[in-house]
Amino acid sequence: MNKLNLWSKLRNTSGNKAAQRFVQDKFYENGSKVYKLAQALVAIIGWLVLLFPLLIMINSILEKPLFTFIYHWSGKQGHIFLTYISIVVVVGILVLGTASFFLVRRNNLMEIQKLAEKKFYDEEKNKIRLALMEELYSERFGDKTSRESAGYYVVSPEQNFPKNYIRSHYKENENEPERAE
């Protein structure tokens, strides 16, 4: 099979199939500043809502408040609130820790079992590239059987690939016009 036929097959395969399998997010696209600003504000407000009761709790633990701009509970109400918030925080940490543990285990199992079987590349395109590389290696270093059977082989300086040779070789052959077979 000649190089030109291999390159035409390589170009005709759908290379975007693998890219379509991955999740895409508008947040990381160029030009979506309003979307990014809205998402950042929602995140900041969400964190403040979560942290405010904790800051009140931390501020109420001591007799004198640490933060003057945050409410300081004192007396019986303060102790009831402090007890309630402490229980909520401990239970929340336990629930989040347990959920995180099981989700990480599930993710690891999925990665080992499911994702190991999936291929995120185009098999036909890969076979074509391997055939092109085999052709290139055969030109430079001889046929595959002699290369694999050699116990020791010294590559002469003339046989070394120049820097970016394979990439430029791909580009050269991609730009060649298609010819009828």
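The values are calculated or read from the model by the stated rules, or taken from the named source; none is laboratory data. Note that the structure is a prediction, hence the values are computed from the model and not measured. Positions of Cβ are backbone-derived with ideal geometry, glycine not excepted, and every protein chain shown enters the neighbour counts.
Per-structure values
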quantity	calculated
Cβ-Cβ under 6 Å pairs, at least 6 apart or on other chains, the stretch 27-55 side within 22 Å of H72 (Cα to Cα), far side assigned to a helix (DSSP H, G or I) and among the β-branched types (V, I, T)	P53/I85
Extreme residue, nearest to P157 (Cα to Cα), among residues of the stretch 114-141 that are within 25 Å of the chain's Cα centre (by Cα) and among the hydrophobic types (A, V, I, L, M, F, W, C)	F120
Which numbered condition G75 fails, given (1) over 25 Å from I56 (Cβ atoms); (2) exposed (fewer than 10 other Cβ atoms within 10 Å of the Cβ)	(1)
Residue among E111, E139, E148, E134 that is modelled with pLDDT of 80 or more, over 30 Å from V49 (Cβ atoms), assigned by TED's automatic domain parsing to the domain that holds S60 and not polar (S, T, N, Q)	E111
The stretch 89-146, residues that are polar (S, T, N, Q) and surrounded by 10 or more Cβ atoms within 10 Å (Cβ to Cβ)	T98, S100, N107, N108, N126, S138, S146
Residues of the stretch 98-131 that turn out to be free of Cβ contacts under 8 Å to residues at least 24 places away in the same chain, closer than 30 Å to I166 by Cα and of a type outside the set (S, T, N, Q), as a count	8
Residues of the stretch 46-89 satisfying the condition of being more than 42 Å from the chain's Cα centre (by Cα) and among the small types (G, A, S)	S60, S74, G75, G78
Residue within the stretch 26-34 that is part of a loop (DSSP other than H, G, I, E, B), modelled with pLDDT under 75 and surrounded by 10 or more Cβ atoms within 10 Å (Cβ to Cβ) present	yes
